[in-house]
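Written below as structure tokens is the structure these notes are about.
The values are calculated or read from the model by the stated rules, or taken from the named source; none is laboratory data. Just so it is clear, the model here is predicted, and its values are computed rather than measured. Neighbour counts are summed over all protein chains in view; Cβ atoms, including those assigned to glycine, are modelled from backbone coordinates with ideal geometry. Side chains included, ligands, DNA and RNA excluded: accessible areas come from the protein's heavy atoms. Shrake-Rupley method; radii C 1.70, N 1.55, O 1.52, S 1.80 Å.
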Amino acid sequence: MTDSSQIPLTQLQPQTPDAEAVACSNCAACCCQLEVMLITDTGVPERYISTDDWGGEVMLRLDDGWCAALDRDSMRCSIYQNRPLICREFEMASAECIEERRGMATIYR
Ligand code: SF4
Ligand code: SF4
């Protein structure tokens with residue numbers, strides 16, 4: 001058994017979350033499975049637009065749940081310049097972002 005008195009104090013302290021660890025570059029586009037309503041015209045191509053049960057325009061999502069405009073090779077938005085307002089306002093490392101990342105991690109556990 002290891003004698004904890006011999007372990008450096010820094011290793012005994014709980015890991016503090018590193019804010020820089022939350023980045024789109026290390027995320028599987030978790031937020032691109034959310035429903036995205038189109039509330040302004042940003043020039044989203046018609047082929048990526050669907051209609052919800054109430055007649056509102058939303059981003060089309062494919063059978064696996066991801067937005068149809070997501071590039072599956074890079075896992076980046078293929079219409080970044082024309083992405084909907086909601087996508088523009090979704091902040092990286094916000095509470096919503098962290099919740100989505102956590103939810104995705106739970107699915108694959
Ligand atoms: S905003 Fe957050 S959830 Fe969305 S891709 Fe970036 S890190 Fe992932
Ligand atoms: S439009 Fe782009 S940023 Fe918005 S959900 Fe689709 S892939 Fe993600």
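Tell me yes or no: at least one residue of region 54-73 is part of a helix (DSSP H, G or I) and within 9 Å of ligand 2 (Cβ to nearest atom). No: zero hits. Hey, any hits in region 51-60 for a residue that's at positive phi and open to solvent by 40 Å² or more (accessible area, probe 1.4 Å)? Taking every residue of region 51-60 in turn, at least one turns out to be at positive phi and open to solvent by 40 Å² or more (accessible area, probe 1.4 Å). What are the residues in region 76-109 that are part of a loop (DSSP other than H, G, I, E, B), within 22 Å of Leu38 (Cβ to Cβ) and open to solvent by 30 Å² or more (accessible area, probe 1.4 Å), if any? Of everything in region 76-109, those that are part of a loop (DSSP other than H, G, I, E, B), within 22 Å of Leu38 (Cβ to Cβ) and open to solvent by 30 Å² or more (accessible area, probe 1.4 Å) turn out to be Ser78, Arg83, Phe90, Glu91, Met92.
If you scan region 24-38, which residues turn out to be assigned to a loop (DSSP other than H, G, I, E, B), touching a residue at least 60 places away in the same chain (Cβ under 8 Å) and either near ligand 1 (Cβ under 6 Å from one of its atoms) or open to solvent by less than 40 Å² (accessible area, probe 1.4 Å) (or both)? Outline the logic, then answer.
Applying the first criterion (assigned to a loop (DSSP other than H, G, I, E, B)) to region 24-38 yields 27-29, 34-36, 38.
Those left that are additionally touching a residue at least 60 places away in the same chain (Cβ under 8 Å): 27-28, 34.
Result: Cys27, single match.
Scan region 58-67 for residues that are over 18 Å from Ile39 (Cβ atoms) and among the hydrophobic types (A, V, I, L, M, F, W, C) and the total you get is 2.
Each residue in region 39-50 was checked for being open to solvent by 60 Å² or more (accessible area, probe 1.4 Å) and of a type outside the set (Ser, Thr, Tyr), and 4 pass.
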